[in-house]
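The structure appears right after this line, and notes come after that.
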Amino acid sequence: MKRTIITVVGKDTIGIIAKVCTYLAENGINILDISQTIVQGYFNMMMIVDTSTMAKPFGDMVDEMTALGEETGVQIKCQKEEIFDKMHRI
Amino acid sequence: MINIYEVTETNKMIAEENLDVRTITLGISLLDCIDSDLQRLNDKIYAKIYEAAKDLVKTGEEISREFGIPIVNKRISVTPIALVGGAACRTEEDFVTVALTLDRVAKEVGVNFIGGYSALVSKGMTPADELLIRSIPRALSGTERVCSSVNLGSTRTGINMDAVKLMGEIIRSTAEYTKENDSLGCAKLVVFCNAPDDNPFMAGAFHGVTEADKVINVGVSGPGVVKTALEKVRGENFEVLCETIKKTAFKVTRVGQLVAQEASAMLGVPFGIVDLSLAPTPAVGDSVADILCEIGLEYAGAPGTTAALALLNDQVKKGGVMASSYVGGLSGAFIPVSEDQGMINAVQAGALTLEKLEAMTCVCSVGLDMIAIPGDTKATTISGIIADEMAIGMVNQKTTAVRIIPVIGKGVGETVEFGGLLGYAPIMPVNRFACDAFINRGGRIPAPIHSFKN
């Protein structure tokens with residue numbers, strides 16, 4: 001399993017999760033966990049996904065998600081899980 | 001499983017607190033390029049570096065995208081050129097051709113600096129060492145990306161005072177050769193005592209002869225992350241302060257370790273070390289001096305600065321050591337003046353002098369770094385400053401260095417602009433009393449008594 005963390009931060013609007021999930025489904029990416037909060041009107045979501053069944057290179061996903069974020073008016077980041085794991089777990 | 005708070009913390013460090021990987025440096029041995037024919041030597045050097053480093057920049061960018069962390073610089077260090085060029089180079093001009101080759105290949109593969117135009121002369125100089133040293137002003141003025149370093153002393157060998165004297169002249173001459181650009185050449189030239197073989201940071205990076213054919217060394221940074229962490233523990237005692245620095249250094253270094261492992265795997269080059277340094281940049285919020293202020297000083301340079309820096313340096317190492325399987329290089333806190341907005345502010349406020357900086361170098365990771373001094377400073381005075389710094393390194397068994405820029409045509413009160421990561425600096429006054437008779441003695445200072453550990 002190749003776990004990737006997707007974070008979405010920005011102003012809350014209708015359909016943010018739908019758009020992200022549609023992209024993931026179309027690209028064969030399985031969602032493992034979602035947590036989401038609204039802080040002072042700002043949408044804050046973290047998804048843990050499995051990219052091992054994704055066909056395209058990781059870099060393309062990063063670019064396409066960034067573009068999707070710009071369309072929707074939020075910031076979307078995709079990062080491999082290791083950076084968080086290394087930093088926060090001994 | 002990772003939670004949203006941890007993810008937010010990491011991303012805040014990157015987005016707001018300037019957490020980055022400062023450099024991935026690929027060390028390349030050029031010992032197998034040695035040839036008695038100058039043209040063949042240059043061809044072999046070009047071919048070896050190009051082949052080894054052609055994917056370095058691309059790999060760095062790929063890792064940066066995968067983890068969402070900026071990797072600011074991709075660099076190369078090579079075997080000290082005095083060793084590689086000794087058989088082929090008969091004149092200073094011959095050595096300059098090697099510098100031009102290094103510059104050309106650095107541009108071709110897209111790295112921003114290539115280090116290793118170096119000589120290791122801590123005890124004595126071979127004719128090749130001396131030729132290389134004398135060629136430095138022309139090599140640095142004729143190239144853009146080549147960095148040069150000279151090791152002048154060590155705890156084991158003492159200090160080569162002949163070379164210290166020569167380097168005072170060479171630094172002045174390099175300043176003259178590059179005076180059109182505010183003596184920028186001197187920003188790419190550093191002298192060391194106890195130079196490490198595996199330092200990934202410029203201008204002092206070279207690939208030591210004890211190293212493998214190729215190796216990946218990574219330098220992490222993150223003064224802003226430490227500063228932000230300390231803002232939350234204002235007024236707390238030293239135990240809390242030290243714990244906070246240590247934990248933060250751990251997190252920062254882990255990122256460096258991860259990047260080093262990835263780069264090593266992707267390039268098929270063994271992982272060398274992580275250099276866990278707090279390396280500032282001129283960007284706001286990326287300052288080591290600001291950490292000292294957060295610890296409780298009005299300005300860097302105020303009484304208490306040396307103690308605060310000692311504590312900071314030590315905690316960074318303690319936190320970092322556990323985070324990486326191999327640490328090395330310079331590891332600690334850098335205190336360059338021109339590259340650190342907080343240091344510049346301290347100089348402009350009159351809080352920080354050259355003498356206080358010298359005291360700080362006893363406890364920081366390197367030495368007198370990126371300090372602009374008046375252009376009319378005598379060569380012997382520069383040698384005296386170097387000798388003092390080398391003595392600190394020799395006696396304390398630590399790495400010390402001097403990267404000082406006599407800015408030709410400018411004096412105290414004026415400012416010099418180097419641009420980019422090198423920043424800008426107010427020109428600092430230098431003690432006006434002479435040390436000519438001391439520097440002109442010749443010979444070397446013997447190794448200190450505690451070097452005899454056999």
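The values are calculated or read from the model by the stated rules, or taken from the named source; none is laboratory data. Quick caveat: nothing in here was measured; it's all calculated off a predicted structure. Note that each Cβ is placed from the backbone with ideal geometry, even for glycine, and that neighbours are counted across all protein chains shown.
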- Scan region B:37-54 and give yes if some residue there is within 16 Å of A:ILE83 (Cβ to Cβ), crowded, with 19+ Cβ neighbours inside 10 Å and modelled with pLDDT of 95 or more, otherwise no. no
Among helices (runs of 4 or more DSSP H) entirely within region B:335-454, at least 2 residues that are in contact (Cβ under 8 Å) with a residue 60 or more places away in the chain and under 14 Å from B:GLY168 (Cα atoms) occur in B:379-396
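Here is a yes/no grid of residues against (1) in contact with a Gly (Cβ under 9 Å, 6 or more places away or on another chain); (2) within 8 Å of chain B (Cβ to nearest Cβ); (3) at pLDDT 95 or above; (4) surrounded by fewer than 13 Cβ atoms within 10 Å (Cβ to Cβ):
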site: A:GLY15; (1), (2), (3), (4): no, no, no, yes
site: A:ILE38; (1), (2), (3), (4): no, no, no, yes
site: A:ALA55; (1), (2), (3), (4): yes, no, no, yes
site: A:GLU70; (1), (2), (3), (4): no, no, no, yes
site: A:HIS88; (1), (2), (3), (4): no, yes, no, no
Among the residues in region B:204-218, are any closer than 27 Å to B:ASN151 by Cβ and within 14 Å of chain A (Cβ to nearest Cβ)?
yes
Among the residues of region B:316-337, the number that are surrounded by fewer than 17 Cβ atoms within 10 Å (Cβ to Cβ) and aromatic (Phe, Trp, Tyr) is 1
Next item on the list: Would you be able to say whether some residue in region B:60-73 is in the same structural domain as B:LEU131 (by TED's automatic domain parsing), under 20 Å from B:ASP213 (Cα atoms) and touching a helix residue (DSSP H, G or I) at 6+ places or on another chain (Cβ under 6 Å)?
Entry: no
Going through (1) hydroxyl-bearing (Ser, Thr, Tyr); (2) more than 17 Å from B:GLY329 (Cα to Cα); (3) more than 19 Å from the chain's Cα centre (by Cα) one by one, B:THR210 fails only at (2)
Only one of A:ASP63, A:ASP50 is surrounded by fewer than 20 Cβ atoms within 10 Å (Cβ to Cβ), of a type in the set (Asp, Glu) and within 12 Å of chain B (Cβ to nearest Cβ), namely A:ASP63
Requiring at least 2 residues that are within 14 Å of chain A (Cβ to nearest Cβ) and within 18 Å of B:ARG403 (Cβ to Cβ), the strands (runs of 3 or more DSSP E) wholly within region B:50-161 are none
Those residues of region B:230-264 which are within 13 Å of another protein chain (Cβ to nearest Cβ), without any contact (Cβ under 8 Å) to a residue 40 or more places away in the chain and under 15 Å from B:GLU294 (Cβ atoms) amount to none
Output for Cβ contacts, cut-off 8 Å, separation at least six or different chains, first residue within 18 Å of B:LEU31 (Cα to Cα) and free of Cβ contacts under 8 Å to residues at least 60 places away in the same chain in region B:87-105, second of a type in the set (S, T, N, Q) and surrounded by fewer than 18 Cβ atoms within 10 Å (Cβ to Cβ), reads B:ALA87/B:SER36; B:ALA88/B:SER36
Within region B:259-315, the residues that are crowded, with 17+ Cβ neighbours inside 10 Å, assigned to a loop (DSSP other than H, G, I, E, B) and hydrophobic (A, V, I, L, M, F, W, C) are B:VAL269, B:ALA279, B:LEU297, B:ALA300, B:ALA302
Looking across region B:388-423 at residues that are of a type in the set (Gly, Ala, Ser) and closer than 14 Å to B:ALA359 by Cα, the single one that is surrounded by the fewest Cβ atoms within 10 Å (Cβ to Cβ) is B:ALA391
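Return the residue satisfying two criteria in turn: it lies in region B:81-112 and is within 30 Å of B:VAL252 (Cβ to Cβ) and not small (Gly, Ala, Ser), and of such residues it is farthest from the chain's Cα centre (by Cα).
My answer is B:VAL109.
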How many residues of region B:4-21 are part of a helix (DSSP H, G or I) and facing another protein chain (nearest Cβ under 10 Å)? The answer is 11
